[in-house]
Amino acid sequence: MRVIGLMSGTSYDAIDAAAAELGLVGDSLVLKPLGLVSEPYDDELRAALAAALPPGTTTMAEVCRLDTLIGQAFAAAAVRADRELCDGRAELVASHGQTVYHWVDGGRVRGTLQLGQPAWIAEATGLPVAADFRPRDIAAGGQGAPLVSLVDLLWLRGRPGTPTALNLGGIANLTAPDGTAFDTGPACALIDAAAHGFSGGRLACDVDGALAARGRIQPVLLERLLEEPYYALPAPKTTGKELFHVGYLHEALAGVGRLPAEDVIATLTHLTARTVADAVRSVGATEVIASGGGTRNPVLMRMLGELLPGVAVRRSDELGLPSDAKEAYAFAVLGFLTVHGLPGTVPASTGARHPSVLGSVTPGRDGLRLPPAAGEGPVRLVLE
């Protein structure tokens, strides 16, 4: 089955559309990557999305408008991926949508909201669309994240030592071989907020870690940031920009005196490396396989390596899964599992009471024609 996975993460800079040929062969799920296309949000939509996210306020009218506009943007990315990567022969779209709020109360996730109405994708492509993956796990008592943990566990099974998958997006998350999975805290969220703020909106991120490379780590600011209670919470746990946003950064900077932009960004980069390294050590990792936009920041990757002596830190590309496309491929897998009636969660990873078949399916142009339900779920992921 040819599946297109659509993903836009907490950095909300672009929609990634990865296409894969997927099939069950014995106890293995075989994935043949077909490529990635990436569609940046247009400036107007990105600005509207940024204004609606915490700590900003919004209206139901704006939520409705964003749900439609994001759905149309995802639809355009899916049409392009079908044309350029699948020769117009895709059979399913799996859309994560755009997370706009993750409701955490006292360490328990109460709800989550992803925008990007799948009807627009189904209408534009004519294909069935699996979407809205996270709520079912939350309804079963889970965190609803990180949902890539199942894919990580299947992919890394049998690898020697204690390989740990790490995603460095806006938020960082990891998955260990025993199923332990959680958000470690910010990856690029605070770095991006600082780069955008200090540049007067000219920069969306610290490109190639250039600003951090010129700065010095400020111990007082670092210690203040490390006092965040989230880091001490036990797994499973999840977080997002509801906590780590620009207002959070302003509050942390208050009272530490005026600091150069480069020093603030160097300190935030070290904060990410430090909290990720602490989490990696807590699961006894012997190897870290990293993906996500943060892997393109050489300063962050260098700091992480320095804080993890004796632990190999490599990009997922070295193992055959493109770092920039990994999450989009993961949701292609989850969509494939959904339409085959197979669970897409691991209770040890999300804290749910049981595994769940995830999401809802919007019929395509020819109605809803699901493949026969598979018997047993796969125990490993094999890349072709």
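The values are calculated or read from the model by the stated rules, or taken from the named source; none is laboratory data. None of these values were measured; they are calculated from a predicted model. Neighbour counts are summed over all protein chains in view; Cβ atoms, including those assigned to glycine, are modelled from backbone coordinates with ideal geometry. Accessible surface is based on the protein model in full, side chains and every heavy atom, while ligands, DNA and RNA are left aside. Shrake-Rupley method; radii C 1.70, N 1.55, O 1.52, S 1.80 Å.
Checked against the criteria, residue 53 counts as open to solvent by less than 40 Å² (accessible area, probe 1.4 Å), among the aliphatic types (A, V, I, L, M) and more than 28 Å from residue 380 (Cβ to Cβ). If the condition is being open to solvent by 20 Å² or more (accessible area, probe 1.4 Å) and over 23 Å from residue 369 (Cα atoms), then the stretch 101-133 contributes 101, 103, 104, 105, 106, 107, 108, 110, 112, 113, 114.
Can you find even one residue in the stretch 91-99 that is surrounded by fewer than 21 Cβ atoms within 10 Å (Cβ to Cβ) and over 19 Å from the mean Cα position of the chain (by Cα)?
Here is the first cut: in the stretch 91-99, the residues surrounded by fewer than 21 Cβ atoms within 10 Å (Cβ to Cβ) are 91.
After this cut, where a residue has to be over 19 Å from the mean Cα position of the chain (by Cα) as well, the list is 91.
Yes, that holds for at least one residue.
Assess whether residue 323 counts as being hydroxyl-bearing (Ser, Thr, Tyr), in contact (Cβ under 8 Å) with a residue 12 or more places away in the chain, closer than 27 Å to residue 143 by Cβ and surrounded by fewer than 16 Cβ atoms within 10 Å (Cβ to Cβ).
Numbers: hydroxyl-bearing (Ser, Thr, Tyr): yes; in contact (Cβ under 8 Å) with a residue 12 or more places away in the chain: yes; closer than 27 Å to residue 143 by Cβ: yes; surrounded by fewer than 16 Cβ atoms within 10 Å (Cβ to Cβ): no.
The answer is no for residue 323.
Evaluate the following for residue 48: is it farther than 13 Å from residue 121 by Cβ and either crowded, with 16+ Cβ neighbours inside 10 Å or of a type outside the set (Lys, Arg) (or both)? Yes.
Residues of the stretch 255-273 that are modelled with pLDDT under 95, open to solvent by 50 Å² or more (accessible area, probe 1.4 Å) and either at negative phi or touching a strand residue (DSSP E or B) at 6+ places or on another chain (Cβ under 7 Å) (or both): 258 alone. Collect the residues in the stretch 157-187 that are over 27 Å from residue 108 (Cα atoms) and either of a type in the set (S, T, N, Q) or open to solvent by less than 20 Å² (accessible area, probe 1.4 Å) (or both), keeping them in residue-number order. Those that are over 27 Å from residue 108 (Cα atoms) and either of a type in the set (S, T, N, Q) or open to solvent by less than 20 Å² (accessible area, probe 1.4 Å) (or both): 162, 163. Residue count for the stretch 326-384, restricted to those that are within 17 Å of residue 1 (Cα to Cα) and acidic (Asp, Glu): 2.
If you go through the stretch 326-344 one residue at a time, do you hit one that is more than 17 Å from the chain's Cα centre (by Cα), within 20 Å of residue 240 (Cα to Cα), hydrophobic (A, V, I, L, M, F, W, C) and not in a loop (DSSP other than H, G, I, E, B)? Spell out the reasoning first.
Taking the stretch 326-344 and keeping what is more than 17 Å from the chain's Cα centre (by Cα), we get 336-343.
Still in the list and also within 20 Å of residue 240 (Cα to Cα): none.
Scanning the stretch 326-344, I find no residue that is more than 17 Å from the chain's Cα centre (by Cα), within 20 Å of residue 240 (Cα to Cα), hydrophobic (A, V, I, L, M, F, W, C) and not in a loop (DSSP other than H, G, I, E, B), so the answer is no.
Scanning the stretch 14-38 for residues that are in contact with a helix residue (DSSP H, G or I) (Cβ under 6 Å, 6 or more places away or on another chain) and open to solvent by 60 Å² or more (accessible area, probe 1.4 Å) yields a single hit, 36. Could you tell me whether the stretch 73-89 includes any residue that is assigned to a strand (DSSP E or B), at pLDDT 95 or above, crowded, with 19+ Cβ neighbours inside 10 Å and among the aliphatic types (A, V, I, L, M)? Checked the stretch 73-89: no residue is assigned to a strand (DSSP E or B), at pLDDT 95 or above, crowded, with 19+ Cβ neighbours inside 10 Å and among the aliphatic types (A, V, I, L, M). Just wondering, is there one or more residues in the stretch 120-129 that are in a helix (DSSP H, G or I), within 19 Å of the chain's Cα centre (by Cα) and over 20 Å from residue 330 (Cβ atoms)? No, every residue in the stretch 120-129 fails to be in a helix (DSSP H, G or I), within 19 Å of the chain's Cα centre (by Cα) and over 20 Å from residue 330 (Cβ atoms).
One line per residue, one yes/no per condition, for (1) under 20 Å from residue 167 (Cα atoms); (2) surrounded by 20 or more Cβ atoms within 10 Å (Cβ to Cβ):
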site	(1), (2)
189	yes, yes
198	no, no
205	yes, yes
211	no, yes
217	no, no
251	no, no
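So that you can scan it fast, the table gives a plain yes or no per residue for (1) open to solvent by 30 Å² or more (accessible area, probe 1.4 Å); (2) of a type in the set (Ser, Thr, Tyr); (3) part of a helix (DSSP H, G or I):
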position: 240; (1), (2), (3): no, no, no
position: 243; (1), (2), (3): yes, no, no
position: 275; (1), (2), (3): no, yes, yes
position: 281; (1), (2), (3): yes, no, yes
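Taking residues in the stretch 203-215 that are closer than 10 Å to residue 300 by Cβ, and partners anywhere that are charged (D, E, K, R), the pairs with Cβ atoms closer than 7 Å and at least 6 places apart or on different chains are 212/206.
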